[in-house]
1. So what are the three principal axis dimensions of region 288-401 from its Cα atoms, in whole Å, longest to shortest?
2. Using only alpha-carbon positions, what ratio does the radius of gyration of region 76-131 give when scaled by 2.2 N^0.38 Å?
3. Could you tell me what percent of the accessible area of region 145-233 is made up of carbon and sulfur, with a 1.4 Å probe and every protein chain present?
4. Could you list the residues of region 310-332 with an amide nitrogen less than 12 Å from a label point located 7 Å from the Cα of residue 220 in the Cα-to-C-beta direction?
5. Across the chain, where is the longest run that never hits trypsin sites (Lys or Arg not before Pro) in a DSSP loop with at most 11 other C-beta atoms within 10 Å?
6. Considering all projection directions equally, how large on average is the shadow of the alpha-carbon convex hull of the chain, in square nanometres?
7. Report the charge-dipole magnitude of the chain in Debye, nearest 20, computed about the Cα centre from +1 at each Lys and Arg Cβ and -1 at each Asp and Glu Cβ.
8. Which percent of Cα-Cα pairs in region 357-401 sits in each 10 Å bin, short to long?
Amino acid sequence: MKKTLAIMLLACFALNVSAAKKKATPKDANKPVFTIIKENPITSVKDQNRSGTCWDYSTLSFFESEILKATGKTYDLCESFVANKTYMDRAIQVVRFHGDCQFAQGGSAEDVLATMKQYGICPEGAMPFPGSLYGDSLNNFGEFFSVLEPYVGAVAKSSAKKISNQWKVGMQGILDAYLGKCPEKFTYEGKEYTPKSFMNSLGINLNDYVSVTSYTHHPFYTTFAVEVQDNWRFPQSYNVPMDEMMEIIDNAVNEGYTIAWGGDVSEEGFTRQGLAYAVDTKKAESLAGSDMARWLKLTADKKRNIIDSLGCKVPEIVPTQQMRQERFDNWELTDDHGMLIYGIAKDQNGKDYYMVKNSWGESGKYKGIWYMTKSFIAANTMDFLINKNAIPAKIRQKLGL
């Protein structure tokens, strides 16, 4: 009996010590606690590593989700196939323009859509794994593009009165050496395909996809090619007011669709830990115990650290149509990254976020997923690719879709 009493007393003591420890570690009120409102199925997080191919990874991820929604089947589509075809197409255009346009690693969602329409697609595994041809475990385009860019430039800026088609043979050799040859035929799950027949087997209609944007330098409810260098194919985007742009995103997610998003993540509010806020810097610097003069002298990394420490209490701007246009025209709003919007969440204060899949591997606090506020998306969206059936009927009618 005494032994039992002693054990009970020790247990009570241990519980009291444990409770004291819990009390001694207060919760961080700045750390966002998310409640998922809507989450659509996505495929696994990939890693573009040291390559400027976010446009490739994010858009193929989008189509993987579209296939998953339409058929219930999970595919891992091949980014190297798209890159190989796209870089050749882009080089041909640069040569046609005698070098008076940009050849670069970047691109847009349209590059993936155009490749799938013209050439088809293959699954991962039908080509060498990224980086494997040159002894790396993932993509590393440092050497690759140090060879490829000068090659394209030399042809495009040639002083010759006439060039031969042999430059394409050389170009294709470089592409194949670093990315692998695109297969003419391959076997997948015991069946033989060509890239086009494989594309036709995936259960989606490539004519269902449209691009959406929101700027005032073109009339609303018309189409135009967004004037950025990586939009080199000049695809047409449907132009809608900012509020309707956001309504389209919300409707798409709530109806079970994902969005291939392109926009600006160079802002200080886009942290490397998996969060993105449209920071009101005038208010943020005062909350950080600083003044504007000191804030302006801080490096981008130090500003991000302060924003991270403020967490969900970071004050945000209220984006406007005028603000979007001014930032686009003065080069603040750029198209530097592509990601996949697939869900909606709220933090403990009721603030709305989009759940966004990145292509930087399982980095950040949320293992490759970013929580980006609706204000951030409204302020920093360049354009996005979406299934036209995900657009609200009343907006589709205005667009003639």
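The values are calculated or read from the model by the stated rules, or taken from the named source; none is laboratory data. Computed from a predicted model, the values in this text were never measured in an experiment. Don't worry about glycine lacking a Cβ; one is built from the backbone with ideal geometry, like all the others, and counts go over all protein chains shown. Side chains included, ligands, DNA and RNA excluded: accessible areas come from the protein's heavy atoms. Shrake-Rupley method; radii C 1.70, N 1.55, O 1.52, S 1.80 Å.
1. 51, 34, 28
2. On the way: Rg = 12.3 Å, N = 56, 2.2 N^0.38 = 10.2 Å.
Cα-based Rg divided by the globular estimate yields 1.21.
3. Numbers: 2510 of 4990 Å².
That share works out to 50 percent.
4. It comes to 321-322, nothing else.
5. On the way: sites that count: 27, 73, 161, 162, 367.
Segment 163-366 is the longest.
6. On the way: hull surface 112.0 nm².
Mean projected area of the Cα convex hull: 28.0 nm².
7. On the way: 46 positive and 46 negative charges, 248 e Å.
Taking the Cα centre of the chain as origin, the dipole is about 1200 debye.
8. Whole-percent P(r) values from 0 Å outward: 21, 33, 32, 13, 1.
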